[in-house]
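Okay, so here's the structure we're looking at.
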Amino acid sequence: MINGTTTKLFLDKLKLTEISPARFQDMAMATKHMMNSNVRALAMLKHDRFLADSNWRIVERSTFIEDPYMKKVFKSMDKHLL
């Protein structure tokens, strides 16, 4: 019998919570592509005369895109090191 308390254990046992190498690479490439687009767009917007007074450090910090799978990789690496 599977209920809410045993679902995570069941999924872990079947290895359905693991990220495949192909999916990991796809996400890395998508994140890289979005960051490159972001850098190009910000470079273009910095030259807009109406946006000249913007605080670009804050804009860059708030539009940063990180790979969501990287956190999982680092967490699993930390678990293996302990």
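Read the figures in this text as sums done on the coordinates, not as results from a lab. Remember, predicted model here, so these are calculated numbers, not experimental data. Every residue, glycine as well, gets a Cβ built from its backbone with ideal geometry; the counts of neighbours run over all protein chains shown.
Some notes on this structure:
- Taken about its Cα centre, the chain carries a charge dipole of about 140 debye when Lys and Arg each add +1 at the Cβ and Asp and Glu each add -1 at the Cβ.
- For the range 1-67, trypsin sites (Lys or Arg not before Pro) meeting the loop criterion (DSSP other than H, G, I, E, B) and having at most 15 other Cβ atoms within 10 Å: Lys15, Lys46.
- Exposure proxy ranking for His47, His33, based on other Cβ atoms within 10 angstrom of each Cβ and starting from the fewest, stands as His47, His33.
- Comparing Leu14, Leu42, Leu51 in a Gaussian network model of the chain where C-alpha atoms under 10 Å apart are linked, the largest mean-square fluctuation is found at Leu14.
- Spacing of the modelled spin labels on Lys46 and Met27, each 7 Å from Cα toward Cβ, amounts to 3.0 nm.
- Efficiency of FRET between Thr17 and Ile65 - r from beta-carbon atoms, R0 22 angstrom, step 0.05: 0.40
- Axis angle, to the nearest 10 degrees, between helix 21-45 and the longest C-alpha principal axis of the chain: 20 degrees.
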